[in-house]
Amino acid sequence: MTTANTQGIVLKTMPYKETAQLVTIYSLTFGKITLTARGTRKMTSKNAAIVMPMSLSEFEITPRKGLSTLIRGQHLSYYNNIRKDLNREIVADYLMEYYYRYVPENKPSQSTFDFLKETLEALDEGANYLYVYALINAHIMKTNGVKLQVDHCVFCDSTKVIDFQLDDGGFVCHKHHAGPIHYDLDALKAIRYLYKTTMKQVSRLTLADDIVKQVLPIFEYYVEEYIGIRLKSKTFLKQIV
């Protein structure tokens, strides 16, 4: 059988038969695929370490349309610092669940792989978990077609904006604003920075945590209500956000 090598990040594992596991990874070459990993539940298995959830490994596999087969591999990173901090681990789990449940199978994407890898690296290097959580939601929005207007008023080209309106999807100026003002200038700046910053740039953000927590519901609203993505890990996020 033809074999192939690919980098991949382990999203989830499930017991399979007596000593095997089903290992779902997001791979650089094949996108999201599931592997049968024989014997990896044995203490003596040489492959057990490379199929740990939330780890990056180099896999040698036999690719198939259904379940592919893991032959061997080599771990590249366990992201151990994430596991030492509960808040960062919860945020990482949120992204891993999104990839596992909503990213399509067998559709490789360099940018999709890079975002997952860059996010885990950022958390592992100590990035503010609130920033990372916001950027994850912004990524989910953009990937699923929800675009916000955070450069000027959604109704005109005025950059003298005074509020953000959910129903209109962006900033509004005084002329086009209706109702009470919900967000002050610091919050508007935070919305713009969090929406436009890439994960590689997350360390450049210098926003107050209380301001970030104030605007996070905007991003959550679009992910849950507009796109319809509801993740079980959100239960744990409510305790830290």
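The values are calculated or read from the model by the stated rules, or taken from the named source; none is laboratory data. Note that the coordinates shown come from a computational prediction; the quantities given were computed from them, not determined experimentally. Methodologically, a virtual Cβ is constructed for each residue, glycine included, from the backbone with ideal geometry; neighbour enumeration extends over all protein chains shown. Note: areas computed on protein heavy atoms with side chains; ligands, DNA, RNA excluded. Shrake-Rupley method; radii C 1.70, N 1.55, O 1.52, S 1.80 Å.
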Practice item. List the lysines whose Cα lies under 26 Å from the Cα of LYS65, skipping any in the same chain that are fewer than 8 positions away. Key: LYS12, LYS17, LYS32, LYS46, LYS107, LYS117
Check your understanding: Roughly how tilted is helix 129-143, in degrees to the nearest 10 and between 0 and 90, from the longest Cα axis of the chain?
Key -> 90 degrees
Exercise for review: Send over the Kirkwood Rh of region 171-221, from the inverse of the averaged 1/r over different Cα pairs, rounded to one decimal Å.
Suggested key: 12.1 Å
Revision key, fill the gap. On the accessible surface of region 88-156, probed at 1.4 Å with all protein chains in place, carbon and sulfur together account for a percent value of 43 percent
Check your understanding: Per 10 Å bin, what percent of the C-alpha pairs of region 1-78 does each bin hold, from zero upward?
Key -> 22, 61, 17
Study note, to complete from the structure: Taking every other residue with Cβ under 14 Å from the Cβ of GLN201 and scoring Lys and Arg +1, Asp and Glu -1, one gets 0
Review point. Between region 97-136 and region 6-27, what is the C-alpha centre distance in whole Å?
Key: 18 Å
Exercise for review: Can you figure out the FRET efficiency of LYS160 with THR29, using R₀ = 51 Å and their beta-carbon distance, to the nearest 0.05?
Suggested key: 0.55
Revision key, fill the gap. Note to self, the chain gives a 222 nm [θ] from helices alone (DSSP H runs n ≥ 4, -39500 (n - 2.57) apiece, / all residues, nearest 500) of -10500 deg cm²/dmol
Review point. For region 39-108, rounded, prolate or oblate, judged on the Cα gyration tensor with a ≥ b ≥ c (square roots of eigenvalues), a/c < 1.5 rounded, else prolate if a/b > b/c?
Key: oblate
Check your understanding: Can you work out the FRET efficiency for the pair THR2 and MET43, with r the C-beta to C-beta distance and R0 = 41 Å, to the nearest 0.05?
Key -> 0.85
Exercise for review: List the relative contact order of region 119-197 as a percent without decimals, with contacts defined as Cα pairs under 8 Å and 6+ residues apart.
Suggested key: 26 percent
Exercise for review: Eight or more residues apart or on different chains, and alpha-carbon atoms under 13 Å: count the Lys pairs in region 142-221 matching that.
Suggested key: 4
Practice item. Search the structure for amide H atoms under 5 Å from the amide H of TYR16, placed 1.01 Å from N in the peptide plane, and list their residues when 5 or more places away or on another chain. Key: GLN21, LEU22
Point to revise | Listed values (1) 16.8, 49; (2) 17.5, 56; (3) 20.3, 69, entry calculated as Rg and Dmax of the Cα atoms in Å | key: (3)
Revision key, fill the gap. Extend 7 Å from the Cα of TYR100 along its Cα-to-C-beta direction; within region 217-238, residues with backbone N under 15 Å of that point are 230-237
**Study point:** VAL241, VAL103, ranked by accessible area, largest first (probe 1.4 Å)
**Key:** VAL241, VAL103
Check your understanding: Does anything in region 95-139 have its amide N under 18 Å from the 7 Å Cα→Cβ label point of ARG204, and if so which residues?
Key -> 115, 118-119, 122-123, 127-128, 131-136, 138-139
Review point. Where the only charges are on Cβ atoms (+1 Lys, Arg; -1 Asp, Glu), what is the dipole of the chain about its Cα centre, to the nearest 20 debye?
Key: 1040 debye
Study note, to complete from the structure: With a Förster distance of 25 angstrom and the Cβ-Cβ distance between ASP151 and ILE181, calculated FRET efficiency to the nearest 0.05 equals 0.80
Review point. Can you give me the Cα centroid spacing of region 65-82 and region 160-208 in angstrom?
Key: 39 Å
Practice item. Evaluate the relative contact order of the chain (contact order divided by residue number), counting alpha-carbon pairs under 8 angstrom at least 6 apart; express in whole percent. Key: 15 percent
Revision key, fill the gap. Sequence order, region 202-215: Karplus ³J(HN,Hα) from phi using 6.51 cos²θ - 1.76 cosθ + 1.60, θ = phi - 60°, Hz rounded, Gly and Pro as x, gives 4, 5, 7, 6, 9, 9, 5, 4, 5, 6, 4, 5, 5, 9
